[in-house]
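Below: one structure, written as C-alpha cells.
The values are calculated or read from the model by the stated rules, or taken from the named source; none is laboratory data. Quick caveat: nothing in here was measured; it's all calculated off a predicted structure. So basically every Cβ, Gly included, is an ideal-geometry build from the backbone, and we count neighbours across all protein chains shown. Quick note on the areas: whole protein, heavy atoms, side chains included, nothing else; ligands and nucleic acids left out. Shrake-Rupley method; radii C 1.70, N 1.55, O 1.52, S 1.80 Å.
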Amino acid sequence: MQGQDITKELIRDHGLNEEEYQKILNILGREPTLTELGIFSVMWSEHCSYKSSRTLLATLPTKAPWVIQGPGENAGVIALDDTWALVFKMESHNHPSYIEPKQGAATGVGGILRDIFTMGARPIASMDSLRFGDLDNPHNRYLLDGVVEGIAWYGNCIGVPTVAGEVSFNPCYDGNPLVNAFNLGVVKKDKIFKAQATGIGNPVIYVGSKTGRDGIHGATMASEEFSEDSQEKRPTVQVGDPFTEKLLLEACLEVFQHDWVLGIQDMGAAGLTCSSSEMAAHGGTGVEIDLELVPQREEGMTPYEIMLSESQERMLLVARKGTEDKVISVFKKWGLDAVVIGRVSGDGMLRVKVGSETVAEIPAQALTDDTPCYMRPQKDPGKRRRIRDNHSLFWLKEKGDISDPTYALKALISHPTVASKEGIWRQYDHMVRINTVVLPGSDAAVVRIKGTNKAVALSCDCNPHYCFLNPYEGAKQAVAEAARNVACSGAMPKAITNCLNFGNPEKPEVMWEFAQAVKGMGDACRTLETPVTGGNVSFYNETNGKGIMPTPTIGMVGILENLEWVVTQGFKTEGDLVAVLGETKGHMGGSLYNWSLQGVLEGGPPPVDLEKEHRLHQLLVELAKNKLISSAHDTSEGGLAVCLSECCISSPDLLGAEIMLDEIELETIPLLFGEDQGRVVISYLPANHDDIADLCERHQIPINTIGEVSGSTLSIQTRDHHLNLPVATLRELWRTSLFNLMHWEIPAE
Amino acid sequence: MKFGVVVFPGSNCDHDCHYVLSEVLGQDVEYIWHQEDSLKGVDCIILPGGFSYGDYLRAGAIARFSPVMAKVKEFANSGGLVLGICNGFQILLESGLLPGAMLRNRNLQFICQYVNVVVERDDTPFTMLAEKGQVLRIPIAHMEGNYVPPEGGVGGLENRGCVLLRYSSPEGDVSPEWNPNGSAGNIAGICNERGNVAAMMPHPERCAESIMKTQDGRLIFQSVIAYLEERKTKAS
C-alpha cells in the first residue's frame, strides 16, 4: 500500500485532531493510506461515532418487557402482539436541508425508510419534525417550501404516508433549519433482520443504485459548523431517487421472505465504509470487498471516493453461501444491480481491495466500537437565559392590544406555530396504504395495523423555548407532551425514538445543555415507562458561531389496543359537558403568549410532575377504553384558550362552547394563555359524568367541569373578561394563516 | 367475480385496491406483474395509483410500454372493464385508451385531500349504483391531475357522454372555486364512449371502509360487481 503523503493539513482537513491521528497510527502500526484516512475520518466523525454523546446516552433507559430491540441497530423494535412488532426510528437531516432543502429533506426521508426496511419491516407511516426561522424572512419561506416539497416528493413516490408532524418557528433556526424524519414499519417478530456479517466465506452482496461521487464527506459535513461559504458544499448533498428506493424496498421485502439473507445494512452516512465495517464488527467477523466489482455510474472513481460516496438507495447484504444467485435474481426482477463484491472473513479486518491490490486494511472494531470518546467539559450558563426581541407581529393583518384577550386569542390561533399546517400536509400523501384512521391535524396520528384490531398512535414533540430556558425541564416536557398526545387518542405510550439537535459540543455551555436534556429525557422515560429504542444526535447546528436552541425532538409510539376506542380532539355533540383534567395555575414562563406577542422569553418553563403525568395517561386510556368521552385534546402552546378553540375548530360540525372560568382565581391572561402541563380538555355526555369523576379520583387527577358544547360560538367568561368568537372566524384565522404567509393557494373546503 | 390489479414498478396503491376488493368486498383478486402477457381470465382490470417508473419523463409515459398494456388494450377493445385510478388514469391517457392529457396541478404542488365529485353518468359499469347528480366525497392525491381534453374540448367530451365525474361543492355545484387542480371543466373522471374503460383521479379504495372518513368509494367497486353479476346472469 502506498500513495499520497499524509500531511498535517490533510489530517486536519479530514476533521481529525493530533491525538486522534496518533491513535490511528497505534491501531495500524503504520501510516494510513489516503483511503484509510478517509475511512477513519468518516467513521470517527461526530455523526457516525457519537464521540461526544455516547457516554451520556448510555444513561438512558432502554428496556421494558415489550422492547425487542433497543439502541444499536438500524432501528428500535417493540412488540405489538404475539405475532407482530413495530420498528421505528427518527433521524435528522439538518445540514443537507440547509444547503439544498429539497434534496436534503428528500434524502432524509429516504435514509430513515431504509433504516426501517433494512430490519425486514414494511414502512407504513412517516412523520417529520421541522423547525425554521420566522416566515417574514423570504429565505425561511424558501427553505420551508423546499423541505416540504422534498419530503412530499420522496414519501409520496415511494408510497409511504406522511401522517403527522410538527412545525415550529424561531429566529435561532434562520441559518440552521431542522429536519427530523421519523418512520415506523411492521414486521413479523420472527423475521427481524440485523446488520451483521456472519458465517466465514459467505458472500457480501451490493444491491441498489450505482455508486457515484455524490455526498462524499456528508457525515463529516454534518459534524462541522456552517459559515458563509457553506453553500459551496452543495455537491456534498446527496441526490435522491425515490423510484429506485421503492424498487429496493419491494425487492428486499421479497428476498426476506426466504431464509437466504443473514444480515443487511443500508448505506447511509459514510456509505460502503460504514455498512461494511459495522456488519463485520457486529458479526464478530471481518469483511473483504473488491472495489472493482462495485457498480459505478462515473468513470475513474478512486478507492477513496468509492468508499466514501453517499450515493443513495444502496444496501449491503450477507447471504447464505449458495443462495447468492437466487438473491440476485430477485433484485434483477426489480431492475436493480446486485453483485457479489466480497466475502465474510474471520480475521476481524475490514479489507478493501482493488483487484489484487489491498488499499485499506483496518480492524473493524476500531471503526465502530473503539472509536474516540470524549467527556467534553460542561458549563452551566447560569441565570442569563433570557431573550428580549422586538416583535413585528408580522403574521397579523389586524393590529390590536395584546392585553385584550380576544385579540390575543386571534393572534395566537393564527401564529404559524399554532395555525393549521394543512398547506403542508396536503402536499404529503397521508392516506396511501389506507391505514390512516385519524388524519393529520389531531394530537396524534392513528394508523391501523391490518390483520389485527389494533392501531398505533404517533406524535413528535419538542418545545425549544422551554428547552432553552431549562434544558432539563424542557426535555422532560417534550417526552411528557408526546406521550400525552398519544394518550389523548386512547393509545398507551410505549417507547420513544429521538433526534437530539444541538449546537457545537465543543462549547461547554452547549455540552451542558445536552447533558441536562439527556437527564430530563431519561427521567421522563423512566417514569412514563417509555424506553428509548434509538435515535440520533445532531451537533454543530451553528452558523457563523450562532447556535440553535436545544431541540431534543421526541418521536413517541403508542399502541391503541382496540381501533374502536379511538378518540379525536374535536367536539362532537351539542350538550356534551366540557372539563379540564389537571390543574390550571397560570404559568406564563416560556409561553407562546410571552414570546410571540411580547417578544420575551424568560423565566422557567412550566414544570412537569411526571408521576401525575403518568397517571393522567393511564386515565385517558381508561376513559377511551370505556367509551366515556367524545373528545380529548392536550393543552399546550397558547394554553387553555387555544386548546378550546382547537376543539371547536376541529369539530366536524364546527360546534362552539359556553365556557365559565369565573370561579378560577387567576388574571385572565395567565388563566387563558398560561401553559401549565398535564392538562387535557375532554368533552362527554352528561350522563357519563359520575363514571368519569370516579375514574379521575381513582387516578388522582383533578377534573374541573367548565362548560358545555353548544352553538357555533366559542364563549369564555373569566372573572373580568368575556370572549365571544364565532367558530367560523377562529377557523378562518387558524386555517388561512400559513397559506397566506407562504403565498399558497387556499383550497375550498 | 375476478379482478386483476396491475403492478408496475412504482405502483403504490396496488395493495390498497387489492385489500379493498378482497378483504372488504370479498372478491377474487390477482396481482398482474407488468411484464406478464396474460390477464389471468379476470373480469375487470384495475390500473392502480402510484408513480409507475417514478413518473419520470411524464406520469404514465413509460408504463404504457409495459408488455401487459398490450393485453389491457386487447381486453378493453373486446369490451372488458378497465378502471384507471390516479396514475392509472394517466397511463390510460398515455396509452390512448382514453382521450386527453394531464398537466401539473395549477398550484404546482402535490395535493392530497378529500374532494367532492358529482356523478355525471349513472349508466356506466362503474357508476350504475350511483345516481346522476349524486355527490361523492373521495380523496385525491396527485401532482398531475390538471386534465386537458382533446380537440373538441370539454363540450366534445360531454356530447360523447365521456364525462363521468366532476369536482364540485358539497351540494354538487360545479364551479371553478371547487376545482382543486385546474382541470378543464372540473373533470375528475372520464370514460370511453362504449363505457367499458373509465378513469378517475380520486381514490375510491381510500374510502371504502367504515373506519374511514367516508365510504363513498365503495359505490364505484360495488357498481362494477353489480354490473358483472348482472352480465353473468344474462349470459347464463
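Assorted remarks:
- Buried on complex formation within segment A:718-749 (loss of at least 50 square angstrom of accessible surface versus the isolated chain, 1.4 Å probe, ligands and nucleic acids ignored): A:745, A:748.
- Counting only DSSP beta bridges with both residues in the protein assembly as shown, the antiparallel share comes to about 75 percent.
- In segment A:438-462, comparing the full protein assembly with the chain on its own, the residues that lose 50 Å² or more of accessible surface at a 1.4 Å probe are A:448.
- Contour minus Cα-Cα distance for residue A:724 and residue A:397 (0.36 nm per residue): 115.7 nm
- When Rg and Dmax are taken over the Cα atoms of segment B:2-235, they come to 16.0, 49 Å.
- Between 0 and 90 degrees, the angle of helix A:508-528 with respect to the longest Cα principal axis of chain A falls at about 70 degrees.
- In plain terms, the chain from residue A:83 to residue A:609 could stretch by 185.8 nm, reckoned as 0.36 nm per residue minus the Cα-Cα distance.
- Pairs of lysine residues in segment B:2-235 - Cα separation under 30 Å, sequence separation of 8 or more or cross-chain: 19
- Inter-site label distance for residue B:230 and residue A:26 at 7 Å from Cα along Cβ, in nm: 8.4 nm
- All alpha carbon pair distances within segment A:469-534 were sorted into 10 Å bins beginning at 0; the resulting P(r) in whole percents reads 22, 49, 23, 6, 0.
- Residues residue A:139 and residue B:215, FRET efficiency given R0 of 41 Å [Cβ-Cβ distance, rounded to 0.05]: 0.35
- In segment A:99-197 the Cα-Cα distances spread across 10 Å bins starting at 0 as 16, 43, 26, 12, 3, 0 percent of all pairs.
- Partner chain coverage, peptide B:208-214 - average Cβ within 10 angstrom: 4
- Share of carbon and sulfur in the accessible heavy-atom surface of chain A [1.4 Å probe, %]: 48 percent
- Dividing the mean sequence gap of close Cα pairs (under 8 Å, 6+ apart) by how many residues chain A holds gives a relative contact order of 15 percent.
- Solvent-accessible area, 1.4 Å probe, carbon plus sulfur percent, for chain B: 48 percent
- Between the beta carbons of residue A:293 and residue B:77, assuming R0 = 60 Å, the FRET efficiency works out to 0.80 to the nearest 0.05.
- Exposure of residue B:36 as accessible area (Å², to 10), given a probe of 1.4 Å and all protein chains: 60 Å²
- Think of each Lys and Arg Cβ as +1 and each Asp and Glu Cβ as -1; about the Cα centre, that makes the dipole of chain A roughly 1220 debye.
- Estimated FRET transfer efficiency when R0 is 35 angstrom, pair residue A:17-residue A:356 (beta carbons, to 0.05): 0.50
- The C-alpha atoms of chain A define a longest principal axis, and helix A:242-256 lies at about 70 degrees to it.
- If you wrap segment A:341-395 in the convex hull of its Cα atoms and look at it from every side, the mean projected area works out to 10.6 nm².
- The angle separating the long axis of helix A:639-649 from the principal Cα axis of greatest extent in chain A is about 90 degrees.
- Extreme residue, positive dipole direction of segment B:2-235, given options B:228, B:61, B:187 (C-beta unit charges): B:61
- Diffusion of segment A:22-68 by Stokes-Einstein, at 20 °C in a medium of 1.002 mPa s and with Rh set to the Kirkwood radius over alpha-carbon pairs, works out to 162 µm²/s.
- Computed from the Kirkwood radius of its Cα pairs, the Stokes-Einstein diffusion coefficient for segment A:518-631 at 25 °C and 0.890 mPa s stands at 136 µm²/s.
- Think of the protein assembly as shown as a dipole: +1 on every Lys or Arg Cβ, -1 on every Asp or Glu Cβ, centred on the Cα centre; then among A:261, A:579, A:26, A:261 lies furthest on the positive end.
- Scaled radius of gyration (Cα, divided by 2.2 N^0.38 Å) that chain A gives: 0.96
- Take every pair of alpha-carbon atoms less than 8 Å apart whose residues are at least six positions apart; their mean separation over the length of segment B:2-235 yields a relative contact order of 18 percent.
- Spin-label pair residue A:404/residue A:653, simplified geometry with 7 Å Cα→Cβ offset, distance in nm: 3.2 nm
- Farthest towards the positive end of the charge dipole of the protein assembly as shown, among the residues A:294, A:38, A:312, is the Cα of A:294, using unit charges on the Cβ of Lys, Arg, Asp and Glu.
- Between residue A:390 and residue A:585, the modelled label-to-label distance comes to 3.7 nm, taking each label 7 Å out from Cα in the direction of the beta carbon.
- Per residue, the accessible area of chain A comes to 32 Å² when a 1.4 Å probe rolls over the protein heavy atoms.
- Cα-based Rg / Dmax (Å) for segment A:1-103: 19.3, 58
- Span from the segment A:121-188 Cα centroid across to the segment B:1-47 one, whole angstrom: 33 Å
- Rounded accessible area of residue A:660 (nearest 10 Å², 1.4 Å probe): 100 Å²
- With 0.36 nm allotted per residue and the present C-alpha distance subtracted, the residue A:332-residue A:5 stretch has 113.5 nm of extension available.
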